[in-house]
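Quick notes on the structure that follows.
Coordinate-derived values only; no laboratory data. Computed from a predicted model, the values in this text were never measured in an experiment. Cβ placement follows ideal geometry from the backbone for every residue including glycine, while neighbour counts extend to all protein chains displayed.
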Amino acid sequence: MASENPYVNKVQTADGTVIMDISSDTVTPNKVLNGETFHDRSGAPQTGSVITHNVYDGLDSTSSSDALSANQGKILNDKLNRTNYSMTPASGVTLRIVSIKKRAEIATGYIEVAMTGNAGADIGTIDTGARPSATIYFPAWRANTYELLGIISISSTGVAHYYPNSSAPSGSSIQIASAVSYVVG
């Protein structure tokens, strides 16, 4: 003998007109707010289980249960995304490639310039947003052959300087290159 449903999931009149039928409903506890009551397709009472969180549209909350708004997520993403910077060349220097990108507080990139190899020559000035907190030094390589020609420094004021070593060509046009990575000040 089949067991009968003790709950009502369909109501109809004596002539067969259906007034209410929840037998094909698809609602389940994981689709209803926590604590709210409803009846499933059998007519049995159920309680919802979905827990909601407040959505906070700011970056100053210390809540561990509120959700961060999509707007604030975008603001954070924009702050963390790489920002491109450039360099203004010094007189007599031709910028070939300058690619300095900043993500959070770290700048990474590549500098390649064509210039005359004089000692202590300024290469150019790095954009304000990508300047280091203190003077930093990187090897200066001959572009394409990677012969070490000296060092490049970048000061906290953004001035990039080339210091040739004793094997660097003097007075002739050279291309120097350096990969850079540093903390922005």
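When the inverse distances between all different Cα atoms of region 14-107 are averaged and flipped, the Kirkwood radius reads 19.5 angstrom.
Normalised by residue number, the volume inside the convex hull of the Cα atoms of region 86-183 is 79 Å³ per residue.
The alpha carbon convex hull volume per residue for the chain rounds to 245 Å³. Inter-label distance, A70 to S173: 5.4 nm, where each label sits 7 Å from its Cα along the C-beta direction.
With helices as the sole contributors, the chain gives -2000 deg cm²/dmol at 222 nm; each DSSP H run of n ≥ 4 counts as -39500 (n - 2.57), and the sum is divided by every residue. First measure r as the distance between the Cβ atoms of Q12 and V55, then evaluate 1/(1 + (r/R0)^6) with R0 = 35 Å and state the FRET efficiency to the nearest 0.05. Once the sixth-power term is evaluated, E becomes 0.20.
Database remark: amide H of D25 closer than 5 angstrom to no amide H (H placed geometrically; neighbours at sequence offset of 5 or more, or on other chains; Pro and chain starts carry no H).
Of the lysine pairs in the chain, how many meet both conditions: Cα atoms under 21 Å apart, and a spacing of 8 or more in sequence or different chains?
The result is 4.
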